[in-house]
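Encoded as structure tokens, the structure appears first; notes follow it.
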Amino acid sequence: MRERSVDRPLWRNWVGFAIVGCLLSPGRAVAQPAASGQLSLNDAVQLALKNYPAIKESRARGQAADEGIGVARTAYLPRLDMLWQENRATTNNVFGLALPQSIVPPISGPVLGTRSYDSVWGSAAGVQLSWEALDFGQRKANVEVARAQSSFAKAQTDLTTLDVAAAAADAFVTVLAADEAVRAARANVDRLQVFADNVRTLVANQLRPGADESRANAELAIAKNQLSQAVQTADIARAALADAIGAAGTPVEPAMGGLGNLPQTSSLGAGDFTSHPAARAELAVVDTVRARQRLLDRSYFPHVYFQSAFAARDSGAQVPGQPTPDNGLWPQVPNWAAGLQLTFPAFDLFTVNARKRVELQNELAERARYDQTIQTLTTQDARARALMKAALDIAQNTPIERQAATAAESQARARYGSGLASITEVAEAQRLLAQAEADDAVARLGVWRALLAAAQVRGDLTPFLDQARRP
């Protein structure tokens with residue numbers, strides 16, 4: 001999960017947002033004020049946080065990391081082992097030593113000097129209590145490693161939550177832009193249809209050449225093709241929104257709500273990027289490496305164990321000079337023991353030092369990743385500021401553009417009707433008006449998208465969502 005890029009897709013979506021406007025991106029229905037069955041921006045974000053699989057995965061991993069702390073704490077508990085054994089085996093015993101291994105089973109008792117394959121029953125039972133009384137802080141260091149890993153998992157969960165919420169909001173605004181643009185596209189088709197009908201009448205009355213009718217029909221066909229492309233773009237945008245809210249394949253109908261007005265865009269202050277989930281996640285990785293270093297510092301110490309045991313055994317083997325044994329199926333000869341054991345891995349010094357050198361380089365690498373994250377967030381903030389400035393300028397200019405284009409188109413049609421202009425002049429004026437209407441339709445949503453980018457780079461979408469909820 002740590003490979004998740006900090007450079008979120010909102011910057012690439014801005015380019016797609018501009019393309020939507022140029023293509024007069026439409027939708028299946030023009031966005032209307034919130035009504036029954038329509039989805040608000042806040043609803044879309046909440047559905048994404050509730051249903052999106054990546055959120056569930058991230059939360060589950062975070063909970064697993066929390067449980068890892070409890071696992072590390074269990075090392076403080078004593079260990080109790082219990083055993084019961086029944087066996088049938090030969091009783092041949094050899095005096096001498098066998099090196100430690102797991103193949104030849106050990107045999108206790110006197111050397112009988114026999115080589116028989118006859119067997120007898122044997123039994124054994126016992127319990128052993130072992131507790132590490134002194135570890136010089138190693139268990140505590142293990143718990144600290146688990147806590148650092150839990151902090152990383154929580155930061156990753158916050159980052160995933162931010163990404164999913166921002167993606168849902170971005171998809172929501174994209175659909176609204178498509179719905180606004182379709183109104184302009186359809187208005188353009190209707191306008192060209194009326195004009196083509198007028199030209200057809202003039203040609204039929206031999207007041208205009210037949211080439212004008214062909215040109216008007218060609219312009220109408222182009223506008224219809226643009227409308228079809230826009231419908232396709234809107235359908236894809238709706239599918240993307242359904243996926244972003246965790247309801248892929250479900251029809252969604254977003255409501256414009258407060259996004260129909262320009263947001264209140266106060267000057268963007270300097271962000272505290274150290275509190276961003278991406279930065280906190282990288283810092284948690286650095287803390288995890290440091291915790292592992294502290295664990296290694298505590299590894300080259302003795303371990304003191306308190307141990308006690310109670311056991312019993314029996315065997316059906318006959319020993320010369322001893323009473324005849326019973327069948328050996330039930331342990332009858334008891335033993336108990338209690339004591340302290342000290343262990344010290346003397347030659348682990350070389351391994352520990354080598355691992356410390358590895359962790360030192362890991363810390364340097366993770367610190368570099370943290371610095372890179374801060375640098376990336378700073379760059380994104382500069383981009384968000386540029387997006388906001390440009391979006392505000394465009395939103396203030398598009399009404400003027402549309403008004404001028406409308407006047408130019410009306411004048412061109414009037415001049416054409418009076419025989420003072422050619423069909424080419426009218427066609428250019430109509431294309432200019434179509435572009436101006438598309439630009440004006442998506443300009444306000446462009447400001448909202450810039451505000452969303454600024455909120456995401458600061459790691460908190462609350463200001464953006466609060467403004468969107470305003471009537």
From the options Ala395, Ala441, Ala434, Ala453, residue that is surrounded by 17 or more Cβ atoms within 10 Å (Cβ to Cβ) and at pLDDT below 85: Ala441
Top-ranked residue of region 302-328 - restricted to ones that are of a type in the set (Gly, Ala, Ser) and over 30 Å from Phe344 (Cβ atoms), ranked as modelled with the highest pLDDT: Ala312
Return the pairs, sorted by first residue and then second, in which the second residue is at pLDDT below 90 and aromatic (Phe, Trp, Tyr), the first residue lies in region 450-464 and is part of a helix (DSSP H, G or I), the beta carbons are less than 6 Å apart, and the residues are 6+ apart or on different chains. Leu451/Phe464; Leu452/Phe464; Ala455/Phe464
Restricting attention to region 66-85, report how many residues are over 39 Å from the mean Cα position of the chain (by Cα) and assigned to a helix (DSSP H, G or I). 0
When you look at Ser308, is it touching a helix residue (DSSP H, G or I) at 6+ places or on another chain (Cβ under 7 Å), touching a residue at least 12 places away in the same chain (Cβ under 8 Å) and among the hydroxyl-bearing types (Ser, Thr, Tyr), yes or no? no
Out of all the residues in region 86-102, is one or more surrounded by 12 or more Cβ atoms within 10 Å (Cβ to Cβ) and part of a helix (DSSP H, G or I)? no
Does region 355-371 include one or more residues that are more than 29 Å from Ala153 (Cα to Cα), among the acidic types (Asp, Glu) and surrounded by fewer than 18 Cβ atoms within 10 Å (Cβ to Cβ)? no
Restricting attention to region 416-427, does a residue exist that is at pLDDT 85 or above, charged (D, E, K, R), part of a helix (DSSP H, G or I) and out of contact with any strand residue (DSSP E or B) (no Cβ under 8 Å at 6 or more places or on another chain)? yes
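Select from region 299-336 the residues that are among the hydroxyl-bearing types (Ser, Thr, Tyr) and within 28 Å of Ser116 (Cβ to Cβ) and list them in ascending order. Outline the logic, then answer.
Of all residues in region 299-336, those among the hydroxyl-bearing types (Ser, Thr, Tyr) come to 299-300, 305, 308, 315, 324.
Ser315, Thr324 - these are the residues of region 299-336 that are among the hydroxyl-bearing types (Ser, Thr, Tyr) and within 28 Å of Ser116 (Cβ to Cβ).
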Can you find a residue that is basic (Lys, Arg), touching a residue at least 60 places away in the same chain (Cβ under 8 Å), in contact with a strand residue (DSSP E or B) (Cβ under 7 Å, 6 or more places away or on another chain) and over 24 Å from Ala75 (Cα atoms) anywhere in region 279-288? no
Could you list, in sequence order, the residues of region 326-353 that are surrounded by 10 or more Cβ atoms within 10 Å (Cβ to Cβ), out of contact with any strand residue (DSSP E or B) (no Cβ under 6 Å at 6 or more places or on another chain), free of Cβ contacts under 8 Å to residues at least 24 places away in the same chain and not charged (D, E, K, R)? Thr351, Asn353
Here is a list of conditions, (1) assigned to a loop (DSSP other than H, G, I, E, B); (2) within 30 Å of Pro345 (Cα to Cα); (3) in contact with a Phe, Trp or Tyr (Cβ under 9 Å, 6 or more places away or on another chain), and Ser299 meets all of them except one; can you say which number that is? (3)
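The values are calculated or read from the model by the stated rules, or taken from the named source; none is laboratory data. Predicted, not measured: the structure shown is a model, and the values here were computed from it. All Cβ positions, even for glycine, are placed from backbone atoms using ideal geometry, and neighbour counts span all protein chains on display.
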